[in-house]
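Peer 1: Dumping the structure here so I can ask a few things about it.
The values are calculated or read from the model by the stated rules, or taken from the named source; none is laboratory data. Here the structure is a predicted model, which is why all the values come from computation and not from measurement. Methodologically, a virtual Cβ is constructed for each residue, glycine included, from the backbone with ideal geometry; neighbour enumeration extends over all protein chains shown.
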């Protein structure tokens, strides 16, 4: 799934300028460089490597540093944020990775049952690994699992959830050590150890998110920016909003929102200012349905798509109760609200990467 070419190019140029100029203190700073070296040194020493990817971008969120460590039975790909991706597409991606002999598991780090299922799977994988390496006599030895990935794929939330579910005794509850979890990429600065199981002991190493020093592909830049892998401070939020709308308009998600298009707006402005309120989200869905249902142009035509998005933005500013002010920041406020609703799954579930067998078809 790709967005309108002009928006992809605009986002791509913004990201590439930052990465190429090295002007940002966030982009591949000394923390990322040091962490990158530390991770490379430790990967050969751990028992398993869990690569966390974003289920919305299963290929685009690949951790490039693992290219230096060929895939093997000791590597597991975890497609996190499965609750934000298309369920059918996630199943297709799982089947695709299975054909390539990758060990893959889809999770929602904020769902206890999902994490319990993965922990059971991980323990089985470790037992299998010990049998295959003739380590049955050392079944009680400690196993280390390194969790790696690019920024903001949910590594720390994943590690914390495993730690919470894997607690063995009540005495451990008062001694929990948490990874830093925020919606902002690049918050984890050091490699941190968490115990997730006993008999045998299993420790996971939560690592900082690492991006390559440069990203040259416009589409890849756009997907990483929209899903939050790149700091929002480096990106024009209106470009992100336009890119998301081009993706929404090319999907059939809006067809589910017809019932919201006839709802009357009986809410005050103070409520409408809070874009996370259900009534606001429903109003946004209804407005988008009306704009798309009334659209008579050709979505395959770049100019028609741009005109539709301009009309949608005008309507949504009213829904969000955002109007031009003396500072002229209405675009930034409106765009940030819209992007937030996308990232939290309130405006549908999208898988942005298409399978190699279907790309271009």
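Peer 1: Among (1) outside any strand (DSSP E or B); (2) closer than 23 Å to residue 223 by Cα, there is one condition residue 52 misses while meeting the rest; what is its number?
Peer 2: So residue 52 meets the others, but not (1).
Peer 1: From 288, 234, grab the single residue that is outside the structural domain of residue 54 (by TED's automatic domain parsing) and modelled with pLDDT under 95.
Peer 2: 234
Peer 1: Residue 191 - would you say it is in contact (Cβ under 8 Å) with a residue 60 or more places away in the chain and either under 16 Å from the mean Cα position of the chain (by Cα) or surrounded by 17 or more Cβ atoms within 10 Å (Cβ to Cβ) (or both)?
Peer 2: When the stated conditions are applied, residue 191 does not pass them.
Peer 1: Let me ask another. Going residue by residue through region 78-85, is there one that turns out to be at positive phi and either buried (at least 21 other Cβ atoms within 10 Å of the Cβ) or in a helix (DSSP H, G or I) (or both)?
Peer 2: Yes; the residues of region 78-85 include at least one that is at positive phi and either buried (at least 21 other Cβ atoms within 10 Å of the Cβ) or in a helix (DSSP H, G or I) (or both).
This table checks each residue for (1) more than 17 Å from residue 231 (Cβ to Cβ); (2) assigned by TED's automatic domain parsing to the domain that holds residue 241; (3) modelled with pLDDT of 85 or more; (4) over 21 Å from the mean Cα position of the chain (by Cα).
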| position | (1), (2), (3), (4) |
| --- | --- |
| 2 | yes, no, no, no |
| 6 | yes, no, yes, yes |
| 17 | no, no, no, yes |
| 49 | yes, no, yes, no |
| 62 | yes, no, yes, no |
| 75 | yes, no, yes, no |
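Peer 1: For region 93-120: of the residues being part of a helix (DSSP H, G or I) and within 18 Å of the chain's Cα centre (by Cα), which is surrounded by the most Cβ atoms within 10 Å (Cβ to Cβ)?
Peer 2: Applying the filter and picking the extreme gives 93.
Peer 1: Let me ask another. Given the criterion assigned to a loop (DSSP other than H, G, I, E, B), farther than 21 Å from residue 33 by Cβ and either touching a strand residue (DSSP E or B) at 6+ places or on another chain (Cβ under 9 Å) or at pLDDT 55 or above (or both), identify the matching residue among 208, 200.
Peer 2: 200
Peer 1: Being in contact (Cβ under 8 Å) with a residue 24 or more places away in the chain and within 28 Å of residue 196 (Cβ to Cβ), is that true of even one residue in region 10-29?
Peer 2: no
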